[in-house]
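Peer 1: Please read through the structure below; I'll follow up with questions.
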Amino acid sequence: MAVGTYLLARAVERPLSALIRRTRLVGAGQLDDLPEHPSRGSSEIAAAAAAFDDVVGNLRLLEGKVRALASCAFDDPVLDQQLPGPLGEELARSVRVLSGSIHDRSELQDRLAHQATHDGLTGLPNRVAAIESLANRIARGRRRGHLVAVAFIDLDGFTRINDTYGHDAGDAVLRCVADRLGEASRDVDVVARLGGDEYLVVFEEVSDVHAALTAARRIAERVAEPIRHGGRTLRVGASIGLAFAQDGADEPLELLAKAEIAVHRARLADEPVALFDEAQQEALRRRTAIEAALRDELAAGGPNLELHYQPIIRAADQSLRGFEALIRWSGPDGALIPPAEFIGVAEASPLVVQLDRWVLTTALAQLAAWHRHPALAHVDLSVNVSGRHVLSRDFAPHVRDALASVDVSPERLIIEVTETVLLDDLIVAVENLEEVRAMGIRVAVDDFGTGYTSLAHLRRLPMDELKIDRSFLSDLGQPQNRDLVRTVNELARHVGVPTVAEGIETAEQYAILREIGCDDVQGYLFGRPMPAADTAGWWTRHQAAVRDDDGVPAPTASR
């Protein structure tokens, strides 16, 4: 009896102990390598062990779901397996909510990572990503001995579109240019938007400089194609600077700076593409210094800016018709900066609008002072304005504000605009200049003959005066040159406007122009640009000289 009882106890104790060990391991979170159930045991223990195996299986399934969620493996089949009963249903719902939340969070992280390295408007890599890609390609070029080329692309005419048609049109242009850069580049090239209207293309494994130049010119041609938006045809150009990293000799920012310098060289040469040149770097430093000094000058109200005034004379009798205002500037060191130098810098930036406003306000104040002078009360005044200003929305309001600040008849003011500016965007130029003419102000087309105005365009130009460019007068003794000036003069007669011939330096030029029939003349023969304080004295001397020399003055001495 005792032996039987002992054997029965051993038969129950052994599987029960194994079950307890398995329970403790599961309780400790160890679901792997659980000991096997003994093959023998009572039916009750076998049922308990089977039930326990079900619990372990469910826990393993739950563990698999947790691992899938933790690794964001949302397509893992384990997530579709459901535990039994109400708990399984609740767990399945929780898994769905949790997996959705994790998925949304993962997508958000991906979007934020993309936004941090990509331009939101065009979808191109941004400056940060572009510099990183450039660094990688320079390093690869260093290892493999490949030539890496960087093309810095700056759009021409984009600011005018933004100012004239609004930011919606500007954004459309930026997106279109981004698409075109992608189309004109190879798959291995990097295309990025650096900001504003500046883009970057990195050419990896370029065979030689000629291949990079060819690729850059192809890009310039593609960008320059017309863009249709909102029923309008919009046009921008591209100035492209190229710099090269041979065997990884440059750092990314240094290479980028060189390519940007080459952009300025392209603009100065009026070419779509230019290569980096060390000499150009010094010129750029000079331009940058001038721009910074001019910005400070305008912010201070222009204490070192001054207007000089060159007379405009009636050709028939040498009476004084008026003056043209010409700006002069003494830089921070007191030295006179050539107008061609600082005006060119201003015209390449928004500073030129501020400069125009200063000139308009100052010139009109001087015109008002002349009108209180007995000898000069009859004069009019011509003021040059930049193309950027004429084609902006603020042009007419700026002119109106300047005119409102003085007691001057609007008819005494003449706005001079170069022919090439008008042809840049004839529709906008005509609209803005007609608004100015409606105030009573006259408009003169300056440097006529340097552009490509057709007769049809000439009829549409909003002008009250045509100024013949000085380049036509260099050799009036030649019959063909004289006939050309005569043709321009007759063309002006055809559209009903008077002419002014610029750059008269000799009595022979003056005599020929009188014979041709030019209305007014201007040049060193009659008077150089002078400070306002000298104008009355000059006029007195000029009148005396005309009387003494029987109508033909001697050239004025240089100041």
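Peer 1: If you go through region 312-332, how many residues are more than 42 Å from the chain's Cα centre (by Cα) and surrounded by fewer than 16 Cβ atoms within 10 Å (Cβ to Cβ)?
Peer 2: Looking only at that region, the number is 4.
Peer 1: I'd like the full set of residues that are of a type outside the set (Gly, Ala, Ser), open to solvent by less than 40 Å² (accessible area, probe 1.4 Å) and not in a loop (DSSP other than H, G, I, E, B), limited to region 381-390. Spell out how you get there, then give the answer.
Peer 2: Start the filter on region 381-390 by keeping residues that are of a type outside the set (Gly, Ala, Ser), which leaves 381, 383-385, 388-390.
Now drop any that are not open to solvent by less than 40 Å² (accessible area, probe 1.4 Å), which leaves 381, 383, 385, 389-390.
Once the filter is applied, which keeps residues that are of a type outside the set (Gly, Ala, Ser), open to solvent by less than 40 Å² (accessible area, probe 1.4 Å) and not in a loop (DSSP other than H, G, I, E, B), region 381-390 yields Leu381, Val383, His389, Val390.
Peer 1: Let me ask something else about it. Could you grab me the full set of residues in region 435-454 that are modelled with pLDDT of 95 or more and farther than 23 Å from Arg412 by Cβ?
Peer 2: Once the filter is applied, which keeps residues that are modelled with pLDDT of 95 or more and farther than 23 Å from Arg412 by Cβ, region 435-454 yields nothing.
Peer 1: A follow-up question, please. Does Asp394 satisfy the criteria of being over 21 Å from the mean Cα position of the chain (by Cα) and charged (D, E, K, R)? Can you show your working first?
Peer 2: Numbers: over 21 Å from the mean Cα position of the chain (by Cα): no; charged (D, E, K, R): yes.
So Asp394 does not fit the description; no.
Peer 1: Tally up the residues in region 391-412 that are surrounded by fewer than 16 Cβ atoms within 10 Å (Cβ to Cβ) and in a loop (DSSP other than H, G, I, E, B), please.
Peer 2: Count: 5.
Peer 1: Give the number of residues within region 353-380 that are within 11 Å of Val408 (Cβ to Cβ) and assigned to a helix (DSSP H, G or I).
Peer 2: Result for region 353-380: 8.
Peer 1: Go through Glu306, Glu291, Glu254 for me and flag whichever is acidic (Asp, Glu), outside any helix (DSSP H, G or I) and open to solvent by 50 Å² or more (accessible area, probe 1.4 Å).
Peer 2: Numbers: Glu291 fails: outside any helix (DSSP H, G or I); Glu254 fails: outside any helix (DSSP H, G or I).
Only one candidate passes the filter, namely Glu306.
Peer 1: Where residues in region 333-342 are touching a residue at least 40 places away in the same chain (Cβ under 8 Å) and in a helix (DSSP H, G or I), which of them is surrounded by the fewest Cβ atoms within 10 Å (Cβ to Cβ)? Reasoning before the result, please.
Peer 2: Kept after step one, since they are touching a residue at least 40 places away in the same chain (Cβ under 8 Å), are these residues of region 333-342: 337, 341-342.
Filter once more, so that each one left must be in a helix (DSSP H, G or I): 341-342.
Numbers: Glu341: 14, Phe342: 23.
That would be Glu341.
Peer 1: Here is a further query. Just give me the residues in region 260-286 being touching a residue at least 60 places away in the same chain (Cβ under 8 Å), open to solvent by less than 60 Å² (accessible area, probe 1.4 Å) and within 16 Å of Ser349 (Cβ to Cβ), in sequence order.
Peer 2: Across region 260-286, the qualifying residue is only Val263.
Peer 1: For region 268-287, which positions are not hydrophobic (A, V, I, L, M, F, W, C) and not in a helix (DSSP H, G or I)? Explain how you work it out, then say what you get.
Peer 2: Of all residues in region 268-287, those not hydrophobic (A, V, I, L, M, F, W, C) come to 270-272, 277-278, 280-282, 285-287.
Matches in region 268-287: Asp270, Glu271, Pro272, Asp277.
Peer 1: While we're looking at this one, here's another question. For region 144-231, which fully contained helices (runs of 4 or more DSSP H) count at least 3 residues that are surrounded by fewer than 16 Cβ atoms within 10 Å (Cβ to Cβ)?
Peer 2: Numbers: elements: 158-165, 167-184, 209-223.
Output list reads 167-184, 209-223.
Peer 1: Right, next: Out of curiosity, is His146 at pLDDT below 85 and in contact with a Phe, Trp or Tyr (Cβ under 9 Å, 6 or more places away or on another chain)? It would help to see each step written out before you state the result.
Peer 2: Numbers: at pLDDT below 85: yes; in contact with a Phe, Trp or Tyr (Cβ under 9 Å, 6 or more places away or on another chain): no.
The answer is no for His146.
Peer 1: Of the residues Asp208, Asp197, only one is under 23 Å from His229 (Cβ atoms), touching a residue at least 24 places away in the same chain (Cβ under 8 Å) and of a type in the set (Asp, Glu); which? Quick ask: steps written out before the conclusion?
Peer 2: Working: Asp208 fails: under 23 Å from His229 (Cβ atoms).
From the options Asp208, Asp197, the qualifying one is Asp197.
Peer 1: For region 490-498, check the following and say yes or no: at least one residue is touching a strand residue (DSSP E or B) at 6+ places or on another chain (Cβ under 9 Å), part of a strand (DSSP E or B) and open to solvent by less than 80 Å² (accessible area, probe 1.4 Å).
Peer 2: Of all residues in region 490-498, those touching a strand residue (DSSP E or B) at 6+ places or on another chain (Cβ under 9 Å) come to 491-493, 495, 497-498.
Going one step further and asking which of them are part of a strand (DSSP E or B), we end up with none.
The answer is no; no qualifying residue exists.
Peer 1: Condition test on Val500, is it at pLDDT 80 or above and out of contact with any Cys (no Cβ under 8 Å at 6 or more places or on another chain)?
Peer 2: Working: at pLDDT 80 or above: yes; out of contact with any Cys (no Cβ under 8 Å at 6 or more places or on another chain): no.
For Val500, the condition - at pLDDT 80 or above and out of contact with any Cys (no Cβ under 8 Å at 6 or more places or on another chain) - is not met.
Peer 1: Same structure again: So how many residues does region 508-546 have that are in contact with a strand residue (DSSP E or B) (Cβ under 8 Å, 6 or more places away or on another chain) and among the acidic types (Asp, Glu)?
Peer 2: Here the count works out to 2.
Peer 1: Also, I was wondering about something else. Counting only residues that are open to solvent by 60 Å² or more (accessible area, probe 1.4 Å) and not in a strand (DSSP E or B), which one in region 238-251 is farthest from Phe158 (Cα to Cα)? Talk me through it step by step, then tell me what you get.
Peer 2: We begin by selecting, within region 238-251, every residue open to solvent by 60 Å² or more (accessible area, probe 1.4 Å); these are 246-247, 249, 251.
Filter again for not in a strand (DSSP E or B), leaving 247, 249, 251.
Values: Asp247: 36, Ala249: 34, Glu251: 30 Å.
Here the answer is Asp247.
The values are calculated or read from the model by the stated rules, or taken from the named source; none is laboratory data. This one's a predicted model, so the numbers in the text were calculated from it and none came from an experiment. All Cβ positions, even for glycine, are placed from backbone atoms using ideal geometry, and neighbour counts span all protein chains on display. Just the protein is used for accessible areas: all its heavy atoms, side chains included, with ligands, DNA and RNA removed. Shrake-Rupley method; radii C 1.70, N 1.55, O 1.52, S 1.80 Å.
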